[in-house]
1. Count the net charge of all other residues whose Cβ sits under 12 Å from the Cβ of B:Ser300, scoring Lys and Arg as +1 and Asp and Glu as -1.
2. Percent relative contact order of chain B, based on C-alpha pairs within less than 8 angstrom and at least six residues apart?
3. State, in angstrom, two size descriptors of region B:90-226 derived from its alpha carbons: Rg to one decimal place and Dmax to the nearest whole number.
4. Could you pull the Cα extents of the protein assembly as shown along its three principal axes, largest to smallest, in whole Å?
5. Taking the simple approach of a point 7 Å from Cα along Cα-to-Cβ for both B:Gln560 and B:Ala438, what is their distance in nm?
6. Average partner chain C-beta neighbours within 10 Å, per residue of B:137-145?
7. If you count, for every residue in A:282-293, the Cβ atoms of partner chains within 10 Å of its Cβ, what is the mean?
8. Which value, in Å² rounded to 10, gives the accessible area of B:Leu362 with a 1.4 Å probe and all protein chains present?
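The values are calculated or read from the model by the stated rules, or taken from the named source; none is laboratory data. From a predicted model like this one, the values you see are computed outputs, not experimental measurements. Cβ placement follows ideal geometry from the backbone for every residue including glycine, while neighbour counts extend to all protein chains displayed. Heads up: the accessible areas ignore ligands, DNA and RNA and are worked out on the full protein's heavy atoms, side chains in. Shrake-Rupley method; radii C 1.70, N 1.55, O 1.52, S 1.80 Å.
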Amino acid sequence: MTTTAPKNGPNIGAILIISIAVAINLVIAKLMATWSYSWFPPQASSAAAYVDDLFALETGIGSFIFFGCTGVMGWVLLFNRAGKYDESDGAPIEGNTKLEIIWTIIPLVTVFAIAAYTMNVNMKLQTLGPKHKYAIGSDPTTLVSVDPSADIGPIDVIARQWSWEFVYPSGVRSSELHLPIDQRVNLRLISEDVLHSFYVPAFRLKQDIIPGSIISYSLTPTKEGRFRLRDAMFSGAYFSQNQTDVIVESEQTYDGWLKATAKQPLRPGLDPGRPLYDRRLSRGDKGWATVPPAPAPMVNDPGDPSLPHDA
Amino acid sequence: MTSTNYDPRILKAPHPVPGAPDNWKRFFSFNTDAKVIGIQYIATSLFFLLVGGLLAMIVRGELITPPADLVDPSVYNGLYTMHGTVMLFLFLFPILNGFNNLLIPTMIGAPDMAFPKLNAAAFWLVPVFATVLMGSFFAPGGPASSGWWSYPPMSLQNPLGHFINGEFLWILAVALSGISSIMGAVNFVTTIIRMRAPGMGFFKMPVYVWTAWAAQTIQLVGLPALTGGAVMLLFDLSFGTSFFRPEGGGDPVLFQHFFWFYSHPAVYVLVLPVFGIFSELFPVYARKPLFGYRFVALASFGITFLSLIVWAHHMFYTGTPNWMRHIFMFTTMLIAVPTGVKVFAWLGTLWQGNLRLNTPMLFCLGGLFNFIFAGITGVMLATVPIDIHVGNTYFVVAHFHYVIFNTIAFGVFAGIYHWFPKFTGRMYYEGLGKVHFALTFIGATLNWLPLHWAGLLGMPRRVASYDPEFAIWNVIASIGAFMLGVASIPFILNMVSSWARGPQAPPNPWRAIGLEWLLPSPPPAENFEDDIPTVISEPYGYGLGHPLVEDEEFYVRRSQEA
């Protein structure tokens, strides 16, 4: 390790080793960045590619830093271990101001660059519209200006403990969210009990739903399929059951579904917490306290949770 | 310490008395000796590490299969809430206060804390709120079960309507913990500023003392916000106010600001002293001065300052406007700079060192390895669009366990082994220590590394059941968690048997440089008593060949003769 170099000249051996190590590290970083795309569900909205690209970029930079730092640790573990009876001291280096300034500036520039780039990406996503407060009990839907750039909507997304309900502008009510592909849709997120979160991993989008506020939210699905919509903000006893599906379909199928569903009578929709609550009651209401599930929403299309989802 | 001719009245003395006997009873009394209080804190918190670990293993037992089949979901929610609360408020905060008590006075050459009675009172609040919190398991309706964030309005739902309920006791316990922490913080900060040994300017202080100071400053600034939020929450819950109740016109999101204004910096309250432990131990076991001591010391306050202006990164998906998201993204990413300074300085310290891989050093190296990883996922989480996808998923759970367990608890274990001989006067068993490290490192990696992928695929946190596609990651994680449970066995065995009948420890078994190592093991009640050394050098002078204090031979000799 301690190669003796002439004082006035670059240490060729050290430079060579460092260059090779940096080159290997760059290759690994690139491979990690490429690999990172496979860690996600399919890209099913216009936002997804941006998120995955940013993540790959940070995986690449992060891998370079991680393997660089742990490579140093590995090197000292291999070559700088003291022998069993070796009580001598290491090289008495107290610091190196130049090096310390460099490793302050480089991370500073790196995070500034990442943040600036992310701001740029974030401005393109433009999903979040205005948020209006309203008094619980009044009708929030009268308040909100709709997203003028949206092709579809507004669709009201109503989250409850523990069910989802989707109300289309035509009055159709559904337990699953049907959306046409490649059209910007405007949603109005509403909760009347506790916090919930509208989260579709395949869309890479998440927005909390706040009781007492109605939030305008827009997105564009870009891939046909059946995707999981999960409540991502803890909402009580049967929180983990509070899931449904988003069905992205062609415009014709979507229109056909809307027309056919409008003719269906209202009936109880998906109420995924109910079976567990009933099981609990049948076992003598044991367990710790919970509020009972809200009554199942009355919908035209109760959906079919047993169908397999794509992501 | 000989207990020959002491006056029996000193047993009842409210302050440490030189020559007072060593007996086990002092650990169960309102003792004002910081070293006794330190051990009281550490023993109490290790007990609660076991409690929190047991809760974690039930949680991981539930999650080893996709459906909710082990316990009722309502019970699951209570268990994970209590797991988080116990680990934070009854394990990590108290154990680091234990370190502060043991290390601050001995490292700066003070006889005790500035306010010994306040110090003892701060400790004795721990068993009080621990009892309140544990008692909440028996409250009607069970313990609090809305997560350690306790976000309203969920946390305000009181299904059975009892005045005394789990949530009520939880808020009470958290508020008492806050009071205890503020009492501790006042004490530590005062002691550090006012009671340093002659010659010990701020830039001759060990980095542990710097980091403890930086951390306790956060407690003083941030805790009032949380306590205020908790009081409002209590009023909403029990007295019908509507600070956060939307049906009364309140705003639930306001609570999140109060909560995170303290609770994000709280992570730095925990991690800063661990940075201090790393900075103390790497020089000892690499036999080198700490690389860039002044930069490392000052970076602590850089972290303190930045930690207070990042809280809204927990709220990127609550409807915060873009300008706010961008500001908090910037400030959050900036924290990578002072922490990067520290990481690079530790690597610089290891470089060309003469490494000795005993248990404390292994835990330090493992902790540093994990921390580099956690720092990278931290920057990912600060990136707004990525956070919008992975926020509130298992990616976050994996990230913060990489910080809180794989870094902070690793540092805590390193510190326990390193200073065990100093404060118990006994050596621990190296073999058991290494087994403990190996099981902990492998278990922790199995436990939390796979969960990053579960989160990227979209598995929300806090779920009692999940879709089958996440099963593989959860099975591996549960195996890792049970392994961590097994890892506690060699640790407990080591601590108990070493303290009872381990070999006598010399004053300075690691040939370390620092005032605490100039004291006998264990140090007498008032540390240096009347002969406080005068510090003449910066700390960590390994290989530099100059003494730390004036007349160093005298202190070395005295410590060996004691």
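1. Around B:Ser300, the surrounding residues sum to +2.
2. Working: 942 pairs, mean separation 96.0, N = 562.
The normalised contact order for chain B reaches 17 percent.
3. 18.1, 62
4. Rounded to whole Å, the extents work out to 96, 72, 41 Å.
5. Taking the two extended label points, one gets 3.6 nm.
6. Neighbouring Cβ atoms belonging to other protein chains average 2 per residue here.
7. Counting Cβ atoms of other protein chains within 10 Å of each residue's Cβ and averaging gives 6.
8. The accessible area comes out at roughly 30 Å².
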